[in-house]
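K.L.:
Mind looking over this structure? Questions follow.
Every number in this text was worked out from the coordinates using simple rules, so none of it is lab data. Because the structure is predicted, anything quoted here is derived from the model rather than measured. With ideal geometry, Cβ positions are generated from the backbone for all residues, glycine too; neighbour counts draw on all protein chains shown.
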Amino acid sequence: MPDALAVTDLRKRYGATEALKGVDLTVRAGELVGLLGPNGAGKSTLVKIACGLVRPTSGSVALGGAIGYLAELFRFPDWLSADELLVLHQKLARSAGGVEERRRLLDLVGLGEVADRRVGAMSKGMQQRLGIAQAMIGEPKLLLLDEPTSALDPAGRRTVRELLERLRERGVAVLLNSHLLSEIELVCDRVAIIAHGELVAAGSPAELSHAGGVEVTTGRGVRVFAQATREDVPRIVRELVGAGEDVYEVRVLRSSLEDTYLEVVGGR
């Protein structure tokens with residue numbers, strides 16, 4: 001299957017400011033990719049270019065099909081019901097899905113029983129899920145979601161995570177722009193980190209978390225071998241036992257995605 005999104009040598013300049021400096025990024029079909037970076041890193045510029053809202057200075061963006069978009073600071077008319085809002089967006093997207101599409105999407109996001117409820121009477125979490133439903137109109141192959149869980153409580157974030165996992169099972173690719181590293185680590189297949197307009201790290205959460213030493217508990221206390229890896233464990237244990245120490249526990253320490261993020265972003 002073609003990639004849902006392929007960004008090649010993408011550059012964007014605003015006067016003297018270079019927001020993107022040759023970014024390459026791919027989102028495969030059915031893949032959840034987290035986009036991380038500090039404020040001003042270029043994440044939103046990349047997403048807006050992918051949506052066609054901003055023109056790049058150079059480079060290219062190739063899409064594998066239709067896309068859906070949910071902005072961070074979206075606002076739906078309070079007086080519309082959930083169903084009426086989807087009718088409006090069906091017209092905007094020129095979708096012929098009709099009632100069946102609206103029912104299916106509301107059921108997908110857990111709002112099937114409140115189709116007639118006004119937006120103004122919905123919680124923030126419900127509005128967030130409704131926003132994802134409107135982004136799914138027309139069966140897009142790629143969703144671009146900008147901070148979809150930033151204003152939610154833990155229960156709301158969990159609900160949105162479960163929804164994203166269901167979308168992945170349906171073969172929908174998602175590019176998730178977020179500041180919440182813990183959310184990215186829990187749900188995303190791959191992570192791309194941008195700083196000052198450059199892609200500074202990319203890979204799965206496991207790949208971006210690396211060994212952080214070996215911790216050994218002995219009869220004399222806890223010893224940390226900061227530069228050691230898993231392969232060094234047998235040698236370390238032999239040396240400690242040979243030196244007359246009793247070894248009770250060995251742990252291979254790993255850095256978190258947050259450690260890697262701060263390392264690659266802080267260095268720039």
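K.L.:
Mind listing the long-range amide H neighbours of residue 68? Cut-off is under 5 Å, sequence gap 5 or more, other chains count too, H placed in the peptide plane at 1.01 Å from N.
P.N.:
So residue 68 has HN proximity to 142, 143, 144.
K.L.:
Quick one: which residues, 5 or more positions from residue 4 or on another chain, have an amide H under 5 Å from its amide H? H modelled 1.01 Å from N in the peptide plane, none for Pro or chain starts.
P.N.:
Under 5 Å from the amide H of residue 4 lie the amide H atoms of 27, 28, 29, each far enough along the sequence or on another chain.
K.L.:
A further question on this structure: Report the charge-dipole magnitude of the chain in Debye, nearest 20, computed about the Cα centre from +1 at each Lys and Arg Cβ and -1 at each Asp and Glu Cβ.
P.N.:
The calculation lands at about 720 debye.
K.L.:
May I pose another question? When the Cα centres of the range 1-20 and the range 102-159 are compared, how far apart do they sit, in Å?
P.N.:
28 Å
K.L.:
List, in order, the whole-Hz ³J(HN,Hα) value for each residue of the range 131-136 obtained from phi through the Karplus relation with A = 6.51, B = -1.76, C = 1.60 and θ = phi - 60°; use x for Gly and Pro.
P.N.:
x, 5, 4, 5, 5, 8
K.L.:
Something else about it: Please report the spacing between the Cα centers of the range 164-193 and the range 237-260 in Å, no decimals.
P.N.:
Between the Cα centre of the range 164-193 and that of the range 237-260, the gap is 33 Å.
K.L.:
Over the range 209-266, calculate the relative contact order: mean separation of alpha carbon pairs under 8 Å at least 6 apart, over the residue count, as a percent.
P.N.:
After rounding, I find 46 percent.
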